[in-house]
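A.B. asks: I have a structure I would like to understand better, so I am pasting it below and will then ask my questions one at a time.
The values are calculated or read from the model by the stated rules, or taken from the named source; none is laboratory data. Note that this is a predicted model, so its numbers are computed, not measured. Here the Cβ positions follow ideal geometry from the backbone for every residue, glycine too, while neighbour counts run over all protein chains shown. Calculation scope for accessible area: heavy atoms of the full protein, side chains included, ligands and nucleic acids excluded. Shrake-Rupley method; radii C 1.70, N 1.55, O 1.52, S 1.80 Å.
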Amino acid sequence: MEQLSYMPLFPGNKIEFYTTGKDKFDHLFRDIAQAQNHIHLSYYTFAGDEIGSQLRDLLVKKEKRE
């Protein structure tokens, strides 16, 4: 991984690979729901589609701490 990305790997991190978008977003939404202090996301854009709306709604809910 270091050779492909030219980024150093740090101990204690975990990498998961997803083969479908559904699996990726299921895990992302679960992780956001379980977050207690911080949520860091890096996306170029959020679409106003079903997935984008679900993500927006979940982030708003977490911000309000519902």
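A.B. asks: Would segment 6-13 turn up any residue that is assigned to a helix (DSSP H, G or I) and open to solvent by less than 90 Å² (accessible area, probe 1.4 Å)?
C.D. replies: First, pick out the residues of segment 6-13 that are assigned to a helix (DSSP H, G or I): none.
No, segment 6-13 has no match at all.
A.B. asks: Out of segment 45-62, which residues are under 13 Å from the mean Cα position of the chain (by Cα) and open to solvent by 70 Å² or more (accessible area, probe 1.4 Å)?
C.D. replies: Residues of segment 45-62 under 13 Å from the mean Cα position of the chain (by Cα): 46, 51-52, 54-56, 58-59.
If the condition is that a residue be under 13 Å from the mean Cα position of the chain (by Cα) and open to solvent by 70 Å² or more (accessible area, probe 1.4 Å), then PHE46, GLN54, ARG56 are the ones that fit.
A.B. asks: Which of the residues that make up segment 14-29 are of a type in the set (Lys, Arg) and either surrounded by fewer than 10 Cβ atoms within 10 Å (Cβ to Cβ) or outside any helix (DSSP H, G or I) (or both)?
C.D. replies: Within segment 14-29, the first condition is being of a type in the set (Lys, Arg), and the residues that meet it are 14, 22, 24.
Matches in segment 14-29: LYS14 only.
A.B. asks: May I ask you to list pairs of residues, at least six apart or on different chains, whose Cβ atoms are under 9 Å apart, with the first in segment 23-48 being touching a residue at least 60 places away in the same chain (Cβ under 8 Å) and the second being open to solvent by 60 Å² or more (accessible area, probe 1.4 Å) and among the acidic types (Asp, Glu)?
C.D. replies: Pairs found: none.
A.B. asks: Would you point out the residue of segment 13-62, among those that are at pLDDT below 90 and of a type in the set (D, E, K, R), that is farthest from GLU2 (Cα to Cα)?
C.D. replies: GLU16
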